[in-house]
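Q: Just dropping this structure here.
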Amino acid sequence: MSLAFTIGVTPFSGHRVGCLSQTFPVVKAIAKKSYAIGKSSLTTTDLLGELKEKLKGEEDDDSRAAATVPPSDIPSSLCIIDTLERLGVDRHFQSEIDTILEDTYRLWQKKHKVIYSSVTTHAMAFRLLRVKGYEVSSEELAPYADQERVSRQTTDVAMVIELYRAAYERMYEDESGLEKILAWTTTFLKHQLQSNSIPDKKLHQLVEFYLKNYNGITKRIAARRNLDLYDMSYYQALKPTNRFSNLCNEDFLVFARHDFNICQAQNQKDLQQLQRWYADCRLDTLKYGREAILMCYFLASLAMEDPELSYVRVASASNMVLVTCFDDFFDVGGSRQESYKIIELVKEWKEKPVAEYGSKEVEILFQALYNTVNEVAEMAGVEQGRGVKGFLVELWIEMLLAMKIELDTWTDGVQLSLDEYMSKSWMSTGCRISLLMSSMFLGVKLSEEMLRSEECSDLCRHVSIVRRLLNDVTTFERERKENKGSSVSILIAEGRSATEEEAIAEIKEVVDYYTRKQKQIVYKQATIFPRKFKDIFLEGCKIISHMYSSSDEFTSPQQLMADVKSLIYEPLTLSS
């Protein structure tokens, strides 16, 4: 099946037995029921079915699904892929997308003239192919590193946006061409904004959105923003001679709005389940720290959007809530001895009489962790076909021991070197626990060897380092007042940076480095993990970048709360 219809090639640029024992069966049932309703609702108006039929064209021949895309249709087909991704519905069309990209790659290898038909097509082909895992050299885009050479071909905003987006797919240190493209396109787009040279209001807002923090644009946030900014006028009318002349851009928009609202309705149900779990665990009775239910669920929903993954989102969010509670306990809520006691309890992994916990807070925290992990492990064991509880408990012990090192370090006034800090601090972020636990429910069989492999370790470490360093950049002033170390203060203390500004700039370069390292693993095709598994780690980097885009948003979530509102509480109208 082909999406190759002609469209303008300018793109739209004792309290309880188990914390989750009641929640998860209900969530699982709701997820399946809701998804079925969603599908039924769509097929009642025949949106998905009609869209698929229109994509087949007038010929009713099953063999068309395997047909190649004519070279002349590649530019417009790439635009359609871009549109599907921007509107957040590409998961429904993966077979069609794969067909187009396979044909595009064959033309890329042959250096076919259609790939070079415009700067926009060339840049878009590079980006879509690289992200999909095809081996495409950035040297192909080297001519565009010279802004004057590009300008001679007419520099319009839509074209520069495509070069800008392509440059952000830099994976290797020696890709200086992409670095130069990013530099001049960023300058160009900023000038366009500052000089009010973009008359179209929606395009102006889109450029603002990209420039604010491109690395932090997650799938769902991008989809919501693009649905708000979708403008039919960016596209030319479909040509009557086209095989798919019966398909309009409005079809995509209506379908995408329906799809978004279905996901959002399920998000609201998930959040109610998570709130019940939180109360059942008595975490609402703790008198310290942050109540992070909403933010943790929001972050989980960014990583896993499909309505059928409802129970995975709730499990992931509950895990993040627990990580936050333990982090706050080690920081401010408990004594040093109580923190040590919790580690002993987790290592033993056995319920105790209430009196043996030593304090109410320790008892609540351990009971919540014990019951939740046991129940998640039971579900994950069914999914994986083997026991995984021991592995999950081991991850928790590893994280708590890293928290203990941090606690001992700042309590005793120990000064760490940057290497010492980097070797341990990433383990306390909780990213490894949350992502590996979530990955067990994605339909991918994960052996013990896979989970303990170097590749898995690197995926976890890279995203965790990104989280640790971006957190340091946004919280170092508070940490300094509390006599706690961070990468910012260590760089200055070691004389590697003269000022806080220099230290922050150096740390952001390190963040970019580890983000590129993550892309190298995720985009590479010949690895031990399927792409479905690896994607959540790269999406994790994007989520973290978004979370810390301006401040410690987890603690002071002004910007994120606006995103929460738009993604979870504000439905889209079905008309544009």
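The values are calculated or read from the model by the stated rules, or taken from the named source; none is laboratory data. Note that the structure is a prediction, hence the values are computed from the model and not measured. Because the Cβ atoms are built from the backbone with ideal geometry, glycine has one as well, and the counts that use them run over all protein chains shown. Heads up: the accessible areas ignore ligands, DNA and RNA and are worked out on the full protein's heavy atoms, side chains in. Shrake-Rupley method; radii C 1.70, N 1.55, O 1.52, S 1.80 Å.
Q: Taking 0.36 nm per intervening residue step and subtracting the Cα-Cα distance, what contour gain separates Asp156 from Glu479 on full extension?
A: Details: separation 323, 0.36 × 323 = 116.28 nm, distance 4.54 nm.
Difference between extended and current length: 111.7 nm.
Q: So, one more: Once Lys and Arg get +1 and Asp and Glu get -1 on their Cβ, which of Ser117, Pro143, Ala166 lies farthest toward the positive end of the dipole of the stretch 87-172?
A: After comparing all options, I get Pro143.
Q: Figure the gain on full extension for Tyr340 and Asp174 (residue separation times 0.36 nm, minus the Cα-Cα span) and round it to one decimal in nm. Mind showing how you got there, number by number?
A: Numbers: separation 166, 0.36 × 166 = 59.76 nm, distance 4.64 nm.
Length difference between fully extended and current span is 55.1 nm.
Q: With respect to the cross-link table entries Lys111/Lys132; Lys212/Lys524; Lys132/Lys201, which display a Cα-Cα separation exceeding 26 Å?
A: On the way: Lys111/Lys132 19 Å; Lys212/Lys524 28 Å; Lys132/Lys201 32 Å.
Flagged as over cut-off: Lys212/Lys524; Lys132/Lys201.
Q: Using the per-residue mean of other Cβ atoms lying within 10 Å as a proxy for protection, in what order, highest first, do the peptides 70-76, 477-483, 453-459 fall?
A: Numbers: 70-76: 19.9, 477-483: 11.9, 453-459: 16.7.
Result, highest mean Cβ count within 10 Å first: 70-76, 453-459, 477-483.
Q: Also: Could you go through the stretch 472-477 in sequence order and give the Karplus-derived ³J(HN,Hα) for each residue, using 6.51 cos²θ - 1.76 cosθ + 1.60 with θ = phi - 60°, rounded to whole Hz, and x for Gly and Pro?
A: Coupling constants for the stretch 472-477: 4, 4, 8, 10, 5, 5 Hz.
Q: I would also like to ask the following. How large is the dipole of the stretch 336-377 about the Cα centre if only Lys and Arg carry +1 and Asp and Glu carry -1, each at its Cβ, rounded to the nearest 20 debye? Mind showing how you got there, number by number?
A: Values: 6 positive and 8 negative charges, 23 e Å.
About 120 debye.
Q: Can you compute 3J(HN,Hα) from phi for each residue in the stretch 374-379, using the Karplus curve 6.51 cos²θ - 1.76 cosθ + 1.60 with θ = phi - 60°, rounded to whole Hz and x for Gly and Pro?
A: 4, 6, 5, 5, 5, 5
Q: Also: Give the calculated FRET efficiency between Asp228 and Glu509 to the nearest 0.05, with a Förster radius of 35 Å applied to their Cβ-Cβ distance. Write out the running numbers ahead of the final one.
A: Values: r = 33 Å, r/R0 = 0.94.
Calculated transfer efficiency: 0.60.
Q: Of the heavy-atom accessible surface of the stretch 470-555 (probe 1.4 angstrom), what whole percent is carbon and sulfur?
A: Whole-percent figure for carbon plus sulfur exposure: 49.
Q: Multiply the residue separation of Thr573 and Val354 by 0.36 nm, subtract the distance between their alpha-carbon atoms, and state the gained length in nm to one decimal. Present the calculation step by step, with values, prior to reporting the outcome.
A: Details: separation 219, 0.36 × 219 = 78.84 nm, distance 5.22 nm.
Between Thr573 and Val354, full extension yields 73.6 nm more.
Q: Please turn the phi angles of the stretch 562-567 into ³J(HN,Hα) values with the Karplus equation 6.51 cos²θ - 1.76 cosθ + 1.60 (θ = phi - 60°), one per residue in order, whole Hz, x for glycine and proline.
A: Karplus-based 3J(HN,Hα) across the stretch 562-567 equals 5, 5, 4, 4, 6, 8 Hz.
Q: Where in the stretch 369-434 are there trypsin sites (Lys or Arg not before Pro) that are in a DSSP coil and have at most 15 other Cβ atoms within 10 angstrom of their Cβ?
A: Values: sites: Arg386, Lys389, Lys404, Lys424, Arg432; in loops: Arg386.
For trypsin sites (Lys or Arg not before Pro) across the stretch 369-434 that sit outside H, G, I, E and B with at most 15 neighbouring Cβ atoms in 10 Å, the list reads Arg386.
Q: Mind ordering 298-307, 196-205, 265-274 by average Cβ neighbours within 10 Å, highest first?
A: Working: 298-307: 22.3, 196-205: 13.5, 265-274: 20.5.
Going from most to least packed, we get 298-307, 265-274, 196-205.
Q: Towards the positive end of the charge dipole of the stretch 256-569, with charges on Cβ (+1 Lys, Arg; -1 Asp, Glu), say which of Phe260, Thr499, Ile364 has the farthest Cα.
A: Phe260
Q: So with the 1.4 Å probe, I'd like the accessible area per residue for the stretch 100-213, rounded to whole Å².
A: Per-residue accessible area for the stretch 100-213 comes out at 47 Å².
Q: Just to make sure I understand: if all protein chains stay in place, what is the order of His462, His112 by accessible area at 1.4 Å, largest first?
A: On the way: His462 10, His112 55 Å².
Result of the area sort, largest leading: His112, His462.
Q: Next question, about the same structure. Given charges of +1 on the Cβ of Lys and Arg and -1 on the Cβ of Asp and Glu, with all other atoms neutral, how large is the dipole of the stretch 74-130 about its Cα centre, in debye to the nearest 20?
A: On the way: 8 positive and 7 negative charges, 68 e Å.
Charge dipole, the stretch 74-130, about its Cα centre: 320 debye, nearest 20.
Q: Still on this structure: So how strong a dipole does the stretch 256-569 carry about its Cα centre when Lys and Arg Cβ are +1 and Asp and Glu Cβ are -1, to the nearest 20 debye? Mind showing how you got there, number by number?
A: Working: 38 positive and 49 negative charges, 126 e Å.
For the stretch 256-569, the charge dipole is close to 600 debye.
Q: Here's something else I'd like to know. Excluding ligands, DNA and RNA, what is the solvent-accessible area per residue of the stretch 273-400 at a probe of 1.4 Å, expressed in Å²?
A: Working: 4610 Å² over 128 residues.
Per-residue value: 36 Å².
Q: I've got another one for you. Summarise the accessible area of the stretch 271-390 (1.4 Å probe, protein heavy atoms) by the percent that is carbon and sulfur. Present the calculation step by step, with values, prior to reporting the outcome.
A: Values: 2110 of 4490 Å².
Carbon plus sulfur share of accessible area: 47 percent.
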